[in-house]
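Data block below; observations after.
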Amino acid sequence: MKKEPFVTKEMIEEIVKDYPTPFHIYDEKGIRENAKAVKEAFSWNPGFKEYFAVKATPNPCLMQILKEYGCGYDCSSMTELMLSAAIGATGEDIMFSSNETPAEEYAYAAKLGAIINLDDITHIDYLETVLGKLPETISCRYNPGGVFTMSNGIMDNPGDSKYGFTQEQMFEGFRILKEKGVKNFGIHAFLASNTVTNEYYPTLAGQLFEMAVRLKEETGAAIKFINLSGGVGIPYQPGQAGNDIYAIGEGVRKVYEEVLVPAGMGDVAIYTEMGRFMMGPYGALVTKAIHEKHTYKEYIGVDACAVNLMRPAMYGAYHHITVLGKEQEPCDCKYDIVGSLCENNDKFAVDRMLPEIDKGDYLFIHDTGAHGFSMGYNYNGKLKSAELLLREDGGVDLIRRAEKPEDYFATFDGLDIYKNLEKEF
Ligand SMILES: *Cc1c(COP(=O)(O)O)cnc(C)c1O
């Protein structure tokens, strides 16, 4: 697939008059078309629900758009729960899939009526102690151990991952939960990340459906939903073919018909918790080239840094870059595109072939719509950027202002020094 920006240089030149770079910008049209496709792809399952993984893009304006397509919210922390509650999500519109969960977060999730997805068998007692009585509906996260393989080889290594119950613990856990009065059960698993193959969900579903049938037979638990969680990936690289959500939905339907329906479990709801697939391609980091440096390599210094987008520094992740206005020019210059952190991994691209870049050029860093802004931090005292939304009608809304020094220093507000800081704001 060719990677094309959803804005032009001319549009950005207008936008920067109001909102200086760097900023993340999201494409409402793309978000809506994709959310609609996800809904359609699983419409064969009457109970289907996508719980958007809030950690990917915790912005209330974007979360509200997804709500129009029937999405709920998958939360993993107190503040994610608060954000979901603030936009009106209640009860089973919220999935609480966390791990190493503090007591007060369980209590708050239960108060909201969220579905609680337990990460470990010891949390059964923990949750019971926190709440006094277990909720009627509980989900358990499964980890089969070993390696997760598909037809094209090893996909990931669940045996090394900190999440979930072992297979034995799933059976034991369901028995205990049932004895303690839990009525409705869910099964959850997240076994591979950023999979760019239509096989991942169907393969995972096959494993979970077979286990669900056995769990029902052996424990008598009433299994209401199976949560395929996240892990559906996007093509970060040019030339990479993306996932076809309709093929994925159809693949899951086939195993559902093969495994669950004959077992009398044709009423089980399918849930997903996609983050990356829902938002990743529909966000970009726009940054300006402000320096060029010629030493042992050719460097372009930009006004964004790893604080705004951490994935390249953290995982060596590839993010495609388009130099706006130079889309048709040959990529005959080799650059490292770097931010200003005092960390040599603060590079958005290494040895990347790009058109010749001039100071003042705008760079469009693709696919930052998920796990982009939200992974940000404040190293070097750098401030987080604004988030903008490109509306379907071409207008642009500020959906989060850029951080100011006041925000960065706010946590000193109880100290005497704060008065001096305030004078500097
Ligand atoms: C991160 C996460 C997701 C979303 O993962 P994506 O790869 O963005 O789809 C879903 N569920 C849980 C529990 C997660 O931790």
Considering residues of the range 250-272 that are within 16 Å of the ligand (Cβ to nearest atom) and open to solvent by less than 10 Å² (accessible area, probe 1.4 Å) only, the residue nearest to His366 (Cα to Cα): Thr272
Some residue of the range 332-350 being among the charged types (D, E, K, R), in contact with a Phe, Trp or Tyr (Cβ under 9 Å, 6 or more places away or on another chain) and loosely packed, with under 15 Cβ neighbours inside 10 Å: yes
Out of all the residues in the range 358-367, which are more than 13 Å from the ligand (Cβ to nearest atom) and over 19 Å from Val16 (Cα atoms)? none
If only one of Ala192, Ala205 is within 16 Å of the ligand (Cβ to nearest atom) and in a helix (DSSP H, G or I), which one is it? Ala205
Complete set of residues in the range 74-127 that are acidic (Asp, Glu) and within 16 Å of the ligand (Cβ to nearest atom): Asp74, Glu80, Asp93, Glu100, Glu105, Asp119, Asp120
Within the range 209-244, work out how many residues are open to solvent by 10 Å² or more (accessible area, probe 1.4 Å) and among the hydrophobic types (A, V, I, L, M, F, W, C). 4
Quick one: count up the residues across the range 157-197 that are without any contact (Cβ under 8 Å) to a residue 60 or more places away in the chain and either of a type in the set (Ser, Thr, Tyr) or open to solvent by less than 60 Å² (accessible area, probe 1.4 Å) (or both). 25
Cβ-Cβ under 6 Å, sequence separation 6+ or interchain: first residue in the range 70-95 and polar (S, T, N, Q), partner in a loop (DSSP other than H, G, I, E, B) and within 16 Å of the ligand (Cβ to nearest atom). Which pairs? Ser76/Ser98
Given (1) within 16 Å of the ligand (Cβ to nearest atom); (2) farther than 22 Å from Met155 by Cα, identify the lone condition not met by Tyr296. (1)
Within the bounds of the range 290-306, is there any residue that is buried (at least 23 other Cβ atoms within 10 Å of the Cβ) and closer than 17 Å to Gln237 by Cα? no
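The values are calculated or read from the model by the stated rules, or taken from the named source; none is laboratory data. Please read all numbers here as calculations on a predicted model, not as lab measurements. Neighbour counts run over all protein chains shown; Cβ positions are idealised from the backbone, glycine included. Heavy atoms of the whole protein, side chains included, go into the accessibility calculation; ligands, DNA and RNA do not. Shrake-Rupley method; radii C 1.70, N 1.55, O 1.52, S 1.80 Å.
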